[in-house]
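As structure tokens, the structure follows; a few thoughts come after it.
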Amino acid sequence: MALRHAFSVEVSHRIEDVEALWRRFTASGVESPGLSYDFIRLWVANRGIASADQHYVVGSVDGQPIAILPLHRRRVLGARVFTWFPGAHTGCYTPVADMDRLAALGPGGRAGLWQAMIGALKGADLAYLRSVPASVGGHHGLFDELGSSLEVETLYRSVFTSWTQCDSEQRSRSRRKHDRQQGDRLAALGDVAFEVITDLDDAHAAVDIMFAQRSARFRVQGIRDTFVDDDLIGFYQDALEPNSGLDVRVHVLRLDDEIVAVRYNIVHGSRMFCLISSMSDSERIQSGSPGKQCLLRVMQSVFDEGMDVFDMGAGHTDEKRHWCNVQVPLRQHYVGLSPLGAIVARAHQTYQQVRAKAKGNDTIKGLRRTLQQFKDRLPGAKPSDQL
């Protein structure tokens, strides 16, 4: 006979109200910075999100809190949507929860919990929960009952006990030779130095360089510069400050003391998450692949410094193929809260499927980029128009 549970829900509009519970649930680690209390607290403050649009939904089972849904209510192309606060700026998201107790509930119990928590949301058409891992903490399918889902992305991680293990398992003889040749070409251009910046002023300067390098790359590729256009650079600079509560590590590669590559990482426990990377667009040094050389040095140091996981985020790239030995499927979850929301959910699922196919089709990819550029130039186009 199935166990019957009593579900209760409380909704707060102040993140401080759920701080103690949030920190308790994440004490043993997080799946991404987007699940860090300090990251979301800083995001909310930096973005000036109105309290009425902040929803922290706490679900309890038999009187004991078990999960928090931290959601931002936004208007997207005429629809009101509940979604994660930072959107695509971190690799994945889940409800902030006691995962072991969540697993012990079983599918029926979790379905009841999610139904109660989503049912407490008012004033929107859709709950869109992007980039939810299929497996968390050794548990599979904890969020299967949370609306309808679509699997279109993959999260990439390096999980090793040491650099020696990483090197032996991820680098073939030809790969080592290739890395050495690129390193030799870079070294032939000047003095190469790698460091983790510890001085606060130097870190701020390096991050400015990183965003300038990314802007230059976006211009060449014809890609919208979300960091500039959405005024996000200040958030990443604020995260460097000692009072942010975040442990930011800025890795840089220098050539004759000039920064030619940067990686912006956040550490939580024994996990390091790379959020942003950049490299110089100088043609003179491209043969030395400064971006790849910077990452090589990061990999050579990160595991021997006590990290268990180096998370490179979602989306396939050559560097992830070379270095990541763990792939986690990510799902987009949708819960329609109104007839309009149901229509938007179906349309967005179709868009996601087309987008996934476009990644392997140059024609579709070019058409999609052209349409996005046209949309960005429309009068009144806003960052909030994107899910």
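How high is the FRET efficiency between GLN349 and ASP238 when r is their beta carbon distance and R₀ equals 45 Å, given to the nearest 0.05?
So the FRET efficiency works out to roughly 0.80.
Size of the dipole of the chain about the Cα centre, Lys and Arg at +1 and Asp and Glu at -1 on the beta carbon, nothing else charged, in debye to 20?
It works out to roughly 1660 debye.
Measure off, as a whole percent, the carbon and sulfur share of the 1.4 Å-probe accessible area of the chain, all protein chains present.
Within the chain, the accessible surface is 50 percent carbon and sulfur.
Pick the calculated semi-axes √(5λ) of the Cα gyration tensor in Å for this structure from (i) 37, 24, 21; (ii) 41, 24, 17; (iii) 30, 27, 20?
Of the labelled values, this structure produces (i).
Would you list which aspartates and glutamates come within 20 Å of LYS177, measuring only between C-alpha atoms, while excluding same-chain residues fewer than 8 positions from it?
Partners within reach: ASP167, GLU169, ASP318, GLU319.
Given a 1.4 Å probe, how much area per residue of the stretch 79-129 is accessible, in Å²?
Counting only protein heavy atoms, the per-residue value for the stretch 79-129 is 28 Å².
How big is the Cα convex hull of the stretch 241-342 in projection, averaged over all directions, in nm²?
Averaging across all directions leaves 10.6 nm² for the Cα convex hull.
Please list 29-42, 313-326 highest first by mean number of surrounding beta-carbon atoms within 10 Å per residue.
Descending mean neighbour count gives 29-42, 313-326.
What is the antiparallel percent of DSSP beta bridges lying wholly in the stretch 1-127, to the nearest 5?
90 percent
Based on the alpha carbon coordinates of the stretch 114-204, what radius of gyration and maximum Cα-Cα distance (Dmax) apply, in Å?
22.8, 63
7 Å from Cα along Cα→Cβ at both HIS139 and ARG175: what's the point-to-point distance in nm?
My value for the distance between the label points is 3.3 nm.
Compute the convex hull volume of the Cα atoms of the stretch 1-68, divide it by the residue count, and report the result per residue in Å³ as a whole number.
It is 105 Å³ per residue.
Only helical DSSP H runs with n ≥ 4 go in: add -39500 (n - 2.57) per run for the chain, normalise by residue count and round the 222 nm mean residue ellipticity to 500 deg cm²/dmol.
Here the helix-only value at 222 nm equals -12000 deg cm²/dmol.
If packing is taken as the average number of other Cβ atoms within 10 Å across a peptide's residues, how do 300-312, 98-110 rank, most packed first?
300-312, 98-110
Which order do the peptides 234-243, 142-151 come out in when sorted by mean C-beta neighbours inside 10 angstrom, highest first?
Highest-to-lowest ranking by the protection proxy: 142-151, 234-243.
To make sure I understand the rule: partners must be aspartates and glutamates, Cα under 12 Å from the Cα of LYS122, and not fewer than 8 residues away in the same chain. Which ones qualify?
ASP53
Less than 13 Å apart at the alpha-carbon level, and either on another chain or at least 8 residues along: which aspartates and glutamates does that give for LYS320?
Of all the aspartates and glutamates, those that pass the test against LYS320 - Cα under 13 Å, at least 8 places apart if same chain - are ASP311.
The values are calculated or read from the model by the stated rules, or taken from the named source; none is laboratory data. Keep in mind that this is a model prediction, so the values were computed, not measured. For neighbour counting, all protein chains shown are included, and Cβ atoms are generated from backbone atoms with ideal geometry for every residue, glycine included. The accessibility values were calculated without ligands, DNA or RNA, using every heavy atom of the protein model including side chains. Shrake-Rupley method; radii C 1.70, N 1.55, O 1.52, S 1.80 Å.
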